[in-house]
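Structure first, commentary second.
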C-alpha cells in the first residue's frame with residue numbers, strides 16, 4: 001500500500017475529500033446532460049452529439065445579452081434554454097424524418113454536422129482574438145458553505161438537486177405518462193407505434209425539444225461551473241456520453257449514477273501525480289470497462305439460453 | 001440481440017468519433033495553450049473605448065514625414081504570417097502593423113514609397129506554413145518579413161529565412177524565434193515571460209513555487225527558465241502541466257494550492273480563458289488566500305481577465321507584462337498607437353492590447369529600418385537595414401530594441417509586472433530585467449555584449 005502510494009504519489013484521504021466534493025457537483029451536471037441524451041435516444045434512436053455545442057451557444061448568447069445588451073440575467077438564461085430547445089427542435093423536425101429509417105450510426109454522424117456548424121458560428125461571433133475571455137456567474141455563486149475545507153457554492157447544490165430532480169421526473173414521465181409511454185414504444189418500433197395511431201412526429205418533436213431544453217440548461221450551468229468557452233463546453237459532452245453508454249442509453253437512474261461516478265473519479269485522479277495528465281481518459285476508460293462487462297454478461301446470458 | 005449489438009456499435013463509434021473530435025479540439029486548444037504561449041493578451045473593449053476617447057485629440061499625421069500627402073512611389077512589398085484557426089487568432093498583430101503602414105502611406109510613406117503588406121494566415125499546419133513563406137518570397141516578391149506571429153512559423157521556416165538571407169521581425173512563441181540567427185522578436189515569448197512572473201513571486205520569498213502550464217509541445221523549453229530561477233533562489237519548484245481545454249478547473253486549482261502550501265506561490269502560463277477558469281475556480285473554492293501569491297505570464301495581462309476576477313484578487317495576483325501598459329501611459333508613441341488604432345485599425349478586433357501593441361511596434365521598427373535605406377528597396381538592402389537596427393527606442397518597450405548579427409535574439413528582456421485593481425491592470429513593478437540566471441538570457445547578453 002505504502003509502495004503504491006509512493007509510486008503513484010497518492011495523496012492522503014483528507015487531501016482527496018475536496019476533490020470528491022468538486023467531482024460530485026460536476027458529475028451532477030453531466031447527469032443532467034445525460035438524461036437529455038437518453039430521452040432523445042429512447043424516443044428517436046438519435047445519439048445527439050450536438051448536445052454540448054447547442055448548450056455552449058445558448059450560454060454564449062446569455063453572456064451576450066447580459067454583458068452587451070444589459071438584459072436581466074435570469075431572462076437571458078431563459079433565452080439560452082429556449083434557444084437550446086428551438087435549435088434542437090428545428091434540427092429534429094428538418095432532418096429527423098429523412099434520417100428516421102437510417103442506421104443509428106448515420107443519425108449520430110448527422111448531429112456532428114450540427115456540432116461543426118455551431119462551433120464555426122461561435123468561433124466567428126465570439127472570437128478569442130486579443131485574449132478575450134468570458135464568464136457567467138450566478139448570484140448563488142456568492143452564497144457558500146464549507147465542506148472538507150473548501151467552499152461549496154449553492155450553485156453546486158442547485159446543479160446536484162436539479163440533476164436528481166430531472167432524472168427522477170424524467171423516469172416518472174417515461175413510465176407513467178401517455179407521451180412517455182409513446183416515446184418508449186417508438187424506441188422499440190417506430191412503424192408499429194405509428195400504425196397503432198401514435199402521433200409519431202409530435203412525440204418526436206417533444207423529445208427533440210426536451211433534449212434541447214436540457215442542453216440549454218446544462219450549457220448555462222456548465223458555463224458557470226466549468227468555463228464559458230465554446231470548445232470546452234462542446235466537448236464536455238464526452239463525459240456525459242460515457243455515462244449514457246454505461247447506462248446502455250436506456251436507464252435514467254443508471255445514467256445519473258454513472259455521471260456522478262465519472263465526475264468524481266475524474267476529479268479524484270487529479271491530485272495523483274502519476275495519473276493527473278491522463279485524467280481526460282477517465283470517461284473513455286470507464287465507458288470501455290462498462291461496455292466490456294455488459295457485453296460479457298450478455299454473451300454469458302445468451303450462451304445459457306442456448307441461442 | 002441485434003439491437004444490443006447496434007447499441008454497442010453505436011457506443012464504440014460515438015467514443016471513437018468524440019475522441020477524434022477531442023483531439024481536434026486539443027489541437028485547437030493546444031493552439032489555445034500555445035496562445036497562452038502567445039505573444040500576449042489584449043485589454044478590454046471598455047478600456048478600448050475609454051482610451052480611444054482620450055486619444056481622440058491625438059493626430060495620426062506624425063506617423064509619416066509629409067502629413068496628409070499620400071505616398072505615390074513604387075510600393076515596398078513586405079510579408080507577414082499569422083496563426084489563425086478556431087480558438088487561436090493572432091491576426092490582430094499583422095492587421096495592426098498594416099494599420100500602421102496605412103498611416104505611414106497616407107502621410108508621405110517611406111522616402112515617398114508606400115509599404116504594401118502581404119498578410120497571410122496559417123492554421124498551425126507545417127506544410128501550409130512553409131508554403132506561405134515560399135509564396136511570399138516567390139510569388140508576392142516581398143523584400144522583407146515583418147509582423148510574423150505564429151505558433152510554429154519560426155520552427156518550420158527559420159532555416160528557409162536563413163537560406164534566403166531574410167532577417168525577420170516577429171512576435172514569437174516557439175523556441176526557434178529566440179534561439180536562431182535570423183529572427184528577432186518584439187516580445188519575450190512564453191519562456192522569458194514565465195521567468196518574469198516567477199522572478200516577481202520569488203521576490204516575495206515564497207517557501208515553494210508551483211509552475212503550471214498547458215500540456216503542449218515545448219513545455220520543457222519553457223519550464224527550464226523558471227526552474228533555473230527557482231533553483232538559484234534555493235526555492236523548490238514543482239512543474240505541472242494541464243491538458244487544455246481544462247474541463248475541471250476546480251480540481252486543477254485545488255491541486256496547485258495543495259502543492260504550493262500556505263507560504264507557496266502558484267505561477268500560471270495559460271491563455272486568458274484557461275487562466276481565468278483556474279483563477280475563478282480558486283476564487284469559488286476560497287483558495288485565493290491559501291497561498292502567498294498567484295502570478296501569470298503575459299497572456300493574463302488583459303482587462304478582460306481583471307474585470308472577470310473582480311476585487312478579491314487585488315494585490316494577490318501578479319502578471320508579467322512584456323510591453324508598456326497602455327492604460328496609464330500618456331506618451332506621444334502611446335497616443336499615436338491609440339490614434340492609429342482608432343483611425344486605421346477597423347480590422348483589429350481586440351482593440352487596445354498587447355497584440356495590437358506588438359503589431360504597432362513591429363511596424364515602427366520596420367519603417368525606421370526602411371527609412372535608413374538610401375538606394376533601391378531590394379531584398380538585400382531591406383534585410384540589411386532590418387538586421388542593422390540597433391538601440392531603436394520604440395516607446396513600447398522598456399529598453400531600446402536591437403536586431404544585430406547574433407546567434408540568438410532576446411532583445412526584449414526587461415519588463416513590467418502588473419496586477420488587477422478593481423477591474424483594471426495597473427503597474428505593480430516598473431521595468432525590471434529578467435535575470436541572467438536563465439542560461440538563455442545569459443547567452444544573449446554575452447552574444448550582444450549587453
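The values are calculated or read from the model by the stated rules, or taken from the named source; none is laboratory data. The shown structure was predicted, so the numbers you read here are calculated from the model rather than taken from an experiment. Note: ideal-geometry Cβ built from the backbone for every residue, glycine included; neighbour counts use all protein chains shown.
Before moving on, here are some points about what is shown:
- Condition check for residue A:292: surrounded by fewer than 18 Cβ atoms within 10 Å (Cβ to Cβ), without any contact (Cβ under 8 Å) to a residue 60 or more places away in the chain and either within 14 Å of another protein chain (Cβ to nearest Cβ) or out of contact with any helix residue (DSSP H, G or I) (no Cβ under 6 Å at 6 or more places or on another chain) (or both): yes
- Of all residues in segment A:76-108, those being without any contact (Cβ under 8 Å) to a residue 40 or more places away in the chain, surrounded by fewer than 21 Cβ atoms within 10 Å (Cβ to Cβ) and part of a helix (DSSP H, G or I) number 8.
- Only one of the listed residues (B:277, B:319, B:291, B:266) is assigned to a loop (DSSP other than H, G, I, E, B), crowded, with 24+ Cβ neighbours inside 10 Å and either facing another protein chain (nearest Cβ under 9 Å) or at pLDDT 85 or above (or both). That residue is B:291.
- Qualifying residues in segment B:236-247 (those that are out of contact with any helix residue (DSSP H, G or I) (no Cβ under 6 Å at 6 or more places or on another chain) and assigned to a loop (DSSP other than H, G, I, E, B)) - the one nearest to the other protein chains (Cβ to nearest Cβ): B:247
- Qualifying residue in segment A:223-231 (condition: under 24 Å from residue A:285 (Cα atoms), modelled with pLDDT of 85 or more, more than 9 Å from every other protein chain (Cβ to nearest Cβ) and touching a helix residue (DSSP H, G or I) at 6+ places or on another chain (Cβ under 6 Å)): no
- Among the helices (runs of 4 or more DSSP H) confined to segment B:349-450, the ones with at least 1 residues that are without any contact (Cβ under 8 Å) to a residue 12 or more places away in the chain and surrounded by fewer than 15 Cβ atoms within 10 Å (Cβ to Cβ) are located at B:439-448.
- Top-ranked residue in segment A:131-162 [being more than 22 Å from residue B:257 (Cβ to Cβ), crowded, with 17+ Cβ neighbours inside 10 Å and more than 22 Å from the chain's Cα centre (by Cα); ranked as modelled with the highest pLDDT]: A:132
- When segment A:252-285 is filtered for residues that are free of Cβ contacts under 8 Å to residues at least 60 places away in the same chain and either within 15 Å of residue B:243 (Cβ to Cβ) or within 11 Å of another protein chain (Cβ to nearest Cβ) (or both), the ones remaining, listed by number, are A:269, A:276, A:277, A:278, A:279, A:280, A:281, A:282, A:283, A:284, A:285.
- Checking the stated criteria, residue A:213 turns out to be surrounded by fewer than 24 Cβ atoms within 10 Å (Cβ to Cβ) and either touching a residue at least 24 places away in the same chain (Cβ under 8 Å) or touching a helix residue (DSSP H, G or I) at 6+ places or on another chain (Cβ under 8 Å) (or both).
- Only one entry in A:255, A:240, A:232 is over 30 Å from residue A:98 (Cβ atoms) and in a helix (DSSP H, G or I), namely A:232.
- Residues of segment B:198-214 that turn out to be over 17 Å from residue B:439 (Cα atoms) and either surrounded by 18 or more Cβ atoms within 10 Å (Cβ to Cβ) or under 17 Å from the mean Cα position of the chain (by Cα) (or both), as a count: 11
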